[in-house]
Amino acid sequence: MATKNVTKKTAAKKAPAKSVSAKKTVKTPAKKNAAKGLKDLFEDGLKNIYWAEKALVRALPKMYKNATDKKLKMAIENHLRETEIHVKRLEECFKSLKKRAQAKKCDAMQGLLDEGKNIMKETQSGPVRDTGIIAAAQKVEHYEIATYGTLAAYAKVLKENVSLKNLLATLSEEKKCDKLLTKIADTALNTKSL
């Protein structure tokens with residue numbers, strides 16, 4: 001039997017893997033108004049995160065109302081105030097680009113907020129729901145960290161210094177919020193949820 005296993009493993013190693021180009025795929029056609037350069041991609045990203053932050057301003061009070069842990073409630077309340085500042089910073093970014101602040105629906109944030117609503121519906125009030133709220137909030141933070149990091153990198157290349165300053169300030173706050181949520185979960189909530 002050992003010989004058969006060795007033979008199968010050797011045969012598996014010898015079988016050529018299909019490359020991505022060998023698979024039948026269709027190239028995605030670009031829309032007529034598709035980004036043609038980094039500046040267009042940057043502006044589209046700003047529109048998406050602007051929508052996301054405004055949606056978060058509406059979602060955080062619901063999370064606050066459903067949370068029971070005092071530290072979690074305080075973190076949500078503080079982050080709501082920060083998020084309102086994030087919206088203003090994004091408006092400054094648009095202004096520095098001589099563009100009107102414009103929101104473009106962010107499907108990623110919509111999905112994360114919908115997941116957060118479902119977590120609240122599918123958990124009992126108390127430590128279990130609080131733990132679920134933290135999980136949902138951290139997914140939002142991770143999305144925002146990725147987005148602000150990317151947009152800051154674009155702003156640096158584009159020499160959009162006002163935007164870069166604002167994006168880095170928000171990125172720092174998003175990272176701090178994520179660390180705080182981890183600390184709140186680790187200190188007691190995850191254990192209380194057992």
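Please treat every number below as a calculation from the coordinates, not as lab data. Because the structure is a prediction, the values reported are computed rather than measured. No Cβ is skipped: glycine too gets one built from the backbone with ideal geometry, and neighbour counts run over all protein chains shown.
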- Item | Qualifying residues in region 63-88 (those that are surrounded by 18 or more Cβ atoms within 10 Å (Cβ to Cβ) and of a type in the set (S, T, N, Q)) - the one farthest from the chain's Cα centre (by Cα) | 66
- Task: Please go through region 105-157 and pick out each residue that is under 18 Å from residue 65 (Cβ atoms), of a type in the set (Gly, Ala, Ser) and within 18 Å of the chain's Cα centre (by Cα).
- Result: 116, 132, 135, 136, 137
- Message: Criterion first (in contact with a Pro (Cβ under 9 Å, 6 or more places away or on another chain) and of a type in the set (Gly, Ala, Ser)) does residue 193 satisfy it?
- Response: yes
- Message: Among the residues of region 91-110, are any without any contact (Cβ under 8 Å) to a residue 24 or more places away in the chain, farther than 14 Å from residue 180 by Cβ and aliphatic (A, V, I, L, M)?
- Response: no
- Considering region 156-189, residues that are touching a Cys at 6+ places or on another chain (Cβ under 8 Å) and aliphatic (A, V, I, L, M), and then whichever is farthest from residue 127 (Cα to Cα), we arrive at 162
- From the residues in region 87-139 that are out of contact with any Leu (no Cβ under 8 Å at 6 or more places or on another chain) and among the polar types (S, T, N, Q), which one is nearest to residue 48 (Cα to Cα)? 102
- Are there any helices (runs of 4 or more DSSP H) wholly within region 97-194 with 3 or more residues that are crowded, with 19+ Cβ neighbours inside 10 Å and of a type in the set (D, E, K, R), and if so which? 127-158
